[in-house]
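To start, the structure itself, in structure tokens.
None of the figures in this text is laboratory data; all of them are computed from the coordinates on show. Keep in mind that what you see is a predicted model, and the values were worked out from it rather than measured. Cβ coordinates were reconstructed from backbone atoms using ideal geometry, including for glycine residues, and neighbour counts include every protein chain displayed.
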Amino acid sequence: MDHYAPERTGDDAMRLTRPWMIAGLILIAPGAQAQLLGRGPVGQVVPDVLDRVENVIEGSGLERLSPARLADRLIAARAARIGDLLRRHGDAVELDDRREPARRGVILLTGADAASLDALRAAGFGVESEAVEGLDLSIARLQVPQGRSLARSLKDVRRIAPQAQASADNLYFPGGSTSGATAGGLASSGTVGRGAAGLIDGGVARHPALTGPVEQRGFAPGAPRASAHGTAVASLISGAGSVRGAAPGAALLVADVYGDDPAGGGAFAIVRALGWMAARGVPVVTVSLVGPDNALLAGAIRLARDKGVTVVAAVGNDGPAAPPAYPASYAGVIAVTGIDGRGRLLPEAGRAAHVDFAAPGADMNAARSDGGKGAVRGTSFAAPLVAGRLLARGSLTALRAEAEAPKGKARGFGKGIICATCRNND
């Protein structure tokens, strides 16, 4: 498969700064703000919260608001989601030095020499060395000294080991909402061979439409565990029958990075999942998760690409004025936005630092974890359609050739629309 360095656009020019995350909370109605609060681990909290966000957007006519007002509402939803996570799981989650959510008390370090690690131990940090399978990557996981914040500790680590790269174990959130039940038996068909489609998400439930082989592995406590979001995304890659994916019947290699962990969806879990997929010969990986820039994740994606893995990622649903979402914004990652049933960009879709393709992300159905199918919305569900078509076509050259131009002179669609009729609405 040929690699592709995505073309940069000017779509990130409208980014706003962090302070308007807080200002946005003032602008959202109290009743709507209350609807945004969810419960349970990240793997359950975030999809539930996003369901409520979409209900607020659809039910309140926000799609008819001006771009500025819509941006305020979307960023308020994000702030409420993160704030609720911190309130409910402050023992497992805290903010890093950029005010981004991360696993409490954990710092990820690459490129540190033995002297720096000794100095960190002397400063009170716990140090554990780990090698990531498939990526030839060594990581030191540091435990922050008791009573010290993650933000302060990151500054201390960078001072003690200036030649190394230090980052928090940032959290990444599903980029879309699903309908229906969230529980179900785990899909399992033994071991798949090389060339399967990769999926980094929650676990995938058994479903009549998932007729191809499915192999799953957990990268978080309690994983693999069936999830509504992971099941829906999987069906849009390889579903056949009641839900038809972009590559019907394709084998799936699924990495569950959530399980039942309150701090699930972390950078370290995603990096380990990427390494597993690189070692197993996966050519295309879908990551319908969004979060901040992270040095460890950026490096792992470069290493995976060197091993022949192409990552397809959703641009997120915080709106076109939000800061760029990752991993979609990394060079070499295929960034996918979503369109509705009329071929328009979703108003809540982010733009990332670049957009490569658009695909259906609303007015459509996907598999539910209870065996049925139901409505989904978000860029999460556009990304697997592009990944499935890339797997089926075998190269980005062939994928570009089938991209359809948007109506008129619309911008923000990248190279065009993939799988425009893939909606499963029958």
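Listed peptides 226-236, 287-297, 331-341 appear in the order 226-236, 287-297, 331-341 once ranked by packing, highest mean of other Cβ atoms within 10 Å at the front. Label-to-label distance for Ser138 and Arg344 is 5.5 nm, based on points extended 7 Å past Cα in the beta-carbon direction.
Within the stretch 173-402, what percent of beta bridges assigned by DSSP are antiparallel, to the nearest 5?
Once the DSSP bridges in the stretch 173-402 are tallied, antiparallel ones form about 30 percent.
Extension gain, Arg411 to Ser242: 0.36 nm times the residue separation minus the Cα-Cα distance gives 57.5 nm.
Would you work out if the stretch 142-237 is rounded, prolate or oblate? Take a ≥ b ≥ c from the square roots of the eigenvalues of the alpha-carbon gyration tensor; rounded if a/c is under 1.5, else prolate when a/b is larger than b/c, oblate otherwise.
Values: a/c = 3.07, a/b = 2.31, b/c = 1.32.
It is prolate, given that a/c is not under 1.5 and a/b is the larger ratio.
Extension gain, Arg152-Arg423: 0.36 nm per intervening residue step, less the Cα-Cα distance, totals 92.8 nm.
Taking the average, over residues, of other Cβ atoms within 10 Å as the packing measure, peptides 386-396, 140-150 rank 386-396, 140-150 from highest down. Sorting the segments 314-323, 197-206, 273-282 by their mean number of nearby beta carbons within 10 angstrom, highest to lowest, gives 197-206, 314-323, 273-282. Only lysines eight or more places from Lys307 in sequence, or on another chain, were considered; those with a Cα closer than 29 Å are Lys415. Were the residues from Arg98 through Ala398 laid out at 0.36 nm apart, the gain over their Cα-Cα distance would be 104.0 nm. What net charge is computed for the residues neighbouring Ala273, neighbours being all others with C-beta under 13 Å from the C-beta of Ala273, Lys and Arg scored +1, Asp and Glu -1? Taking every Cβ under 13 Å from that of Ala273, the sum is -1.
Quick one: net charge of Arg206's neighbours, Cβ under 12 Å, K/R +1, D/E -1?
Combined, the nearby Lys, Arg, Asp and Glu give 0.
The modelled label-to-label distance for the pair Ala131/Ala115, using points 7 Å beyond Cα in the direction of Cβ, is 2.6 nm.
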